[in-house]
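Heads up: the structure comes next, in structure tokens.
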Amino acid sequence: MNRILKVTSLLALAVVSFRVYSGAQETSATLSTNHVLKETYNTYGLGATISAATLTAIGPALTVSCPGTTGTCTIEADVLAQVGDSKASGNYIYLCATLDGAGAANGCKKESGTTPTDGTYVNMPTSFFFSGVATGTHSVQMMIYTVDNCAVYYYSSTYRVYKP
């Protein structure tokens, strides 16, 4: 069962990454320049209890590197949380990614979804982009905010560093 959850979670993350990347190319001038993938960082794990109305870190903060001595990088954060164990109606979930402790340029994804009211779990994937990131090392981390208490069963984060 655990293997099925991991495969399903990774498949959902891949679909969202493709959808977000494809859509971003069509609408964003920043991504119209050819970007070269320089580094990929991953983290995943099991279990977290999320208190109501509290921004909570999910998994460890990772140190990523924007290579070079000049220019900037773009960092893509693809995050997925399998959220549930709540019977509250209207328990909205907000997924976030931070760069050096600050929220994503477009903030937490408003209403990434709601937890099922029967106590089961649902996958919630989303993506963020940080552009104009200075060369050097930076800290990235997945965060979650929920209206009511819930739990995270499985989570994964993939951070990609691109150089124009």
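The values are calculated or read from the model by the stated rules, or taken from the named source; none is laboratory data. Values in this document were obtained by computation on a predicted structure and should not be read as measured data. Cβ atoms come from the backbone with ideal geometry, glycine included; neighbour counts cover every protein chain shown.
I'd like to know if segment 48-60 contains one or more residues that are surrounded by 15 or more Cβ atoms within 10 Å (Cβ to Cβ), more than 30 Å from residue 115 (Cα to Cα), modelled with pLDDT of 90 or more and not aromatic (Phe, Trp, Tyr).
Within segment 48-60, none of the residues are surrounded by 15 or more Cβ atoms within 10 Å (Cβ to Cβ), more than 30 Å from residue 115 (Cα to Cα), modelled with pLDDT of 90 or more and not aromatic (Phe, Trp, Tyr).
Would you check which residues across segment 107-164 are assigned to a strand (DSSP E or B), charged (D, E, K, R) and either touching a Ser or Thr at 6+ places or on another chain (Cβ under 7 Å) or more than 18 Å from residue 40 (Cα to Cα) (or both) and list them?
Keep residues of segment 107-164 that are assigned to a strand (DSSP E or B), which gives 113-114, 121-134, 136-146, 150-163.
Next, from what is left, pick out any that are charged (D, E, K, R): 160, 163.
Within segment 107-164, just 160 meets the criteria.
Any idea which of 83, 79, 64 is modelled with pLDDT under 95, more than 13 Å from residue 146 (Cβ to Cβ), among the aliphatic types (A, V, I, L, M) and not in a loop (DSSP other than H, G, I, E, B)?
It is 79.
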